[in-house]
1. Return yes when ILE85 is of a type in the set (A, V, I, L, M, F, W, C), surrounded by 14 or more Cβ atoms within 10 Å (Cβ to Cβ) and in a helix (DSSP H, G or I) and no when it is not.
2. Is at least one residue of the stretch 27-35 of a type in the set (A, V, I, L, M, F, W, C), surrounded by 12 or more Cβ atoms within 10 Å (Cβ to Cβ), free of Cβ contacts under 8 Å to residues at least 60 places away in the same chain and within 18 Å of LEU76 (Cβ to Cβ)?
3. Spot the failing condition for ASN2; the list is (1) surrounded by fewer than 14 Cβ atoms within 10 Å (Cβ to Cβ); (2) out of contact with any helix residue (DSSP H, G or I) (no Cβ under 8 Å at 6 or more places or on another chain), and only one is missed.
4. Collect the residues in the stretch 42-72 that are part of a strand (DSSP E or B) and at pLDDT 90 or above, keeping them in residue-number order.
5. Quick one: count up the residues across the stretch 8-41 that are over 15 Å from the mean Cα position of the chain (by Cα) and part of a loop (DSSP other than H, G, I, E, B).
6. From the set of residues in the stretch 88-106 that are of a type in the set (A, V, I, L, M, F, W, C) and farther than 17 Å from GLN16 by Cβ, which is surrounded by the fewest Cβ atoms within 10 Å (Cβ to Cβ)?
Amino acid sequence: MNLGGEGEERGVLNQQGAWVLMPGWRSSGTGETLESLGAAGHDFLICSNLTLALPDSCVDEIITNNLPPCDGVTFLGPTVQTSEIQRILMSGGAWTDNGLTRYVEP
């Protein structure tokens, strides 16, 4: 699963906030629209960063790239919450940020 940041990942579920539905939104990583990313096979989960619409312990890997600081707020709203990352990661699952392991769920 890719939790926002810059760029979407093919072959994983990409989470973004409702701002991706606003006219003119383009991926900060590639400049593509939501429609073109969807047509290219990217899957999206559009929901708040405060409460990811996923059950507990259901994700084996979380990827973030160039993410604003966790547990903060930007002009788009709340950033990714570490409590949500820990909640959705299954035992042994890892959070990788910019290619470096940041957290492994016990």
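1. On the way: of a type in the set (A, V, I, L, M, F, W, C): yes; surrounded by 14 or more Cβ atoms within 10 Å (Cβ to Cβ): yes; in a helix (DSSP H, G or I): yes.
Considered against the rule, which asks whether it is of a type in the set (A, V, I, L, M, F, W, C), surrounded by 14 or more Cβ atoms within 10 Å (Cβ to Cβ) and in a helix (DSSP H, G or I), ILE85 comes out as yes.
2. Taking the stretch 27-35 first, the residues of a type in the set (A, V, I, L, M, F, W, C) are 34.
Checking the rest, the ones that are also surrounded by 12 or more Cβ atoms within 10 Å (Cβ to Cβ) come to 34.
Subsequent filtering for residues that are free of Cβ contacts under 8 Å to residues at least 60 places away in the same chain retains 34.
From the residues that got through so far, the ones that are within 18 Å of LEU76 (Cβ to Cβ) too are 34.
Scanning the stretch 27-35 turns up at least one residue that is of a type in the set (A, V, I, L, M, F, W, C), surrounded by 12 or more Cβ atoms within 10 Å (Cβ to Cβ), free of Cβ contacts under 8 Å to residues at least 60 places away in the same chain and within 18 Å of LEU76 (Cβ to Cβ).
3. Result: ASN2 passes all but (1).
4. Here is the first cut: in the stretch 42-72, the ones part of a strand (DSSP E or B) are 43-46, 59-64.
Within the stretch 42-72, ASP43, PHE44, LEU45, ILE46, VAL59, ASP60, GLU61, ILE62, ILE63 qualify.
5. Adding up the residues that qualify gives 11.
6. Within the stretch 88-106, the subset of a type in the set (A, V, I, L, M, F, W, C) is 88-90, 94-95, 100, 104.
Of the ones still in play, those that are also farther than 17 Å from GLN16 by Cβ are 89-90, 94-95, 100, 104.
On the way: LEU89: 23, MET90: 12, ALA94: 15, TRP95: 24, LEU100: 7, VAL104: 12.
Applying the filter and picking the extreme gives LEU100.
The values are calculated or read from the model by the stated rules, or taken from the named source; none is laboratory data. Just so you know, these numbers come straight off a predicted model, no measurement behind them. Positions of Cβ are backbone-derived with ideal geometry, glycine not excepted, and every protein chain shown enters the neighbour counts.
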